[in-house]
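Here the structure is laid out as structure tokens; the discussion comes afterwards.
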Amino acid sequence: MIDMLKNNLALKVISVLFAIILWAYVVSEQNPISTKMLRGIDVSIQGITALAANNLTIINEEDYTVDVRISGRRNDIINIKPSDVRAVVKVEHINAKGTVSLPVSISGLPENVEIMNTEPSSIELEIDNVVEVQVPVELRVSGSPKRGYIMGQHSIEPDEIRVRGPESLVTKIKLAVAEINIDGSADVVIRTVPIQLLDGENNQISEGVEMKKEFVTVRQDILFTKDVNITPNIKESINDDYLVSSITVTPRTLKIAGRRNVLNDITEILTEPINLDWITQDTVIDVGLIIPSRVTLLDEINRVKITVKVEEKQQQHTITVNTININNIEEGYVSEIPPTPVVVTFNGLVSKVKGITEDGISVYVDGAGLEPGIHRLPINAQLPEGLELIDFNPKEVDVTIKPSEE
């Protein structure tokens with residue numbers, strides 16, 4: 001029994017070996033027709049240069065691939081790989097924007113190998129116009145300068161860039177942005193930074209467009225700040241008949257900014273020249289400021305109010321009055337007063353003093369109750385309102401009272 005099994009097993013092994021040898025012979029010698037699927041063949045776009053010459057471009061270009069089923073003798077197709085096959089889409093004949101479906105051409109196969117089908121057999125492309133525009137560059141600053149400093153003016157070079165690309169994409173670009181950080185800075189910040197293109201919703205557009213320049217140089221001034229007094233710049237003094245009692249400035253101080261080495265030498269800001277020689281009463285003058293070079297005003301002030309309070313000067317004056325009058329003489333009497341010049345000294349505002357003459361001063365004696373005879377009477381002096389009597393001489397005069405001749 002065991003010998004029989006051994007003999008049958010040997011026969012079986014011999015049969016299998018014979019079948020393999022026979023199959024190998026048939027395959028190698030007969031070479032039957034067979035098919036093969038080549039997957040993931042890269043598709044190249046041909047004619048991009050011609051398309052660009054017409055100011056056109058593909059806006060949905062990506063890494064396209066196709067699968068190709070081929071047929072041929074087994075020995076002819078067995079070693080063909082996807083990389084041996086070339087798949088091409090031609091665009092050189094396109095001359096207007098729009099959506100186009102273009103056939104995929106397959107080449108690179110041996111002549112005796114047949115293409116059974118290509119999947120997909122065509123590629124859909126979106127063609128758009130190529131446009132070029134100028135886009136302004138805006139600076140965006142993050143961080144804050146050192147305490148006591150502020151941001152000054154900035155410059156961007158260049159302040160515009162040219163952007164080229166598909167019309168549908170370029171028209172979305174609203175702004176080019178350069179960003180810098182100035183946190184803790186106490187001096188000018190100069191940086192060369194990349195440009196970001198943004199649409200109307202601040203979304204970045206980073207692909208599909210070409211910038212002539214991808215970097216800009218940004219200069220951001222950092223300025224020191226300081227509070228200084230405003231000083232009236234008096235060039236012509238007040239009229240000699242008046243005194244200035246006070247001058248006040250509103251506002252009294254203002255905040256300025258500039259490079260620290262510049263502000264160190266500035267202790268005040270002068271007004272424009274002020275002429276006071278026309279002022280005869282309290283007056284408010286609106287006047288501009290003289291701003292030193294390289295200094296910036298931080299307060300929204302370029303003019304101030306100067307309040308000038310004035311007083312008219314007092315002046316002492318002396319007038320000689322040559323006539324002494326007598327008042328209140330009794331009826332039936334007359335008087336005789338020898339010529340007696342009376343020197344009157346008084347004080348008053350210049351405008352009043354200047355207008356006083358001898359006729360404006362009353363010098364008199366009181367004759368009430370006097371009987372005929374010679375009387376030594378005190379002299380009185382009366383001045384117009386607003387004048388102050390200081391002295392007069394003589395103080396007395398001899399007055400003769402006698403009956404009238406009637």
Subject >> Pairs where the first residue, in the range 204-222, is within 17 Å of Lys174 (Cα to Cα) and the second is acidic (Asp, Glu), C-beta under 7 Å, 6+ apart >> reply: Ile205/Asp199
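For the range 142-243, which fully contained strands (runs of 3 or more DSSP E) count at least 2 residues that are of a type outside the set (S, T, N, Q) and over 29 Å from Asp128 (Cα atoms)? Explain how you work it out, then say what you get.
On the way: elements: 149-157, 160-166, 175-181, 189-198, 215-236.
Per the criteria, 149-157, 175-181, 189-198, 215-236.
Please verify whether the range 158-169 includes one or more residues that are hydrophobic (A, V, I, L, M, F, W, C) and under 19 Å from the mean Cα position of the chain (by Cα).
no
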Subject >> Qualifying residues in the range 331-356 (those that are surrounded by 13 or more Cβ atoms within 10 Å (Cβ to Cβ) and among the small types (Gly, Ala, Ser)) - the one nearest to Gln314 (Cα to Cα) >> reply: Gly348
**OP:** Among the candidates Arg147, Arg140, single out the residue that is within 22 Å of Leu298 (Cα to Cα) and under 19 Å from the mean Cα position of the chain (by Cα).
**Re:** Arg140
Subject >> When residues of the range 277-313 are limited to those that are among the acidic types (Asp, Glu) and over 16 Å from Asp227 (Cα atoms), the one surrounded by the fewest Cβ atoms within 10 Å (Cβ to Cβ) >> reply: Asp286
Subject >> Residues satisfying the stated conditions in the range 254-276, i.e. closer than 21 Å to Gly152 by Cα and surrounded by 12 or more Cβ atoms within 10 Å (Cβ to Cβ) >> reply: Leu254, Lys255, Ile256, Ala257, Gly258, Arg259, Arg260, Val262, Leu263, Ile266, Ile269
**OP:** Could you check the range 309-403 for strands (runs of 3 or more DSSP E) lying wholly inside it with 2 or more residues that are in contact (Cβ under 8 Å) with a residue 24 or more places away in the chain and closer than 30 Å to Val244 by Cβ?
**Re:** 314-321, 342-349, 388-393
Subject >> Options Lys305, Lys352: the member that is on the phi < 0 side of the Ramachandran plot and assigned by TED's automatic domain parsing to the domain that holds Glu385 >> reply: Lys352
**OP:** Answer yes or no: is there a residue in the range 245-253 that is out of contact with any Cys (no Cβ under 7 Å at 6 or more places or on another chain), exposed (fewer than 12 other Cβ atoms within 10 Å of the Cβ) and β-branched (Val, Ile, Thr).
**Re:** yes
**OP:** Considering only residues that are touching a Lys or Arg at 6+ places or on another chain (Cβ under 9 Å) and not in a strand (DSSP E or B), look in the range 110-141 and name the one that is surrounded by the most Cβ atoms within 10 Å (Cβ to Cβ).
**Re:** Val113
**OP:** Please state which one of Ala96, Ala52 is part of a loop (DSSP other than H, G, I, E, B) and small (Gly, Ala, Ser).
**Re:** Ala96
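The values are calculated or read from the model by the stated rules, or taken from the named source; none is laboratory data. Predicted model only: the values in this text are computed from it and were never measured. Because the Cβ atoms are built from the backbone with ideal geometry, glycine has one as well, and the counts that use them run over all protein chains shown.
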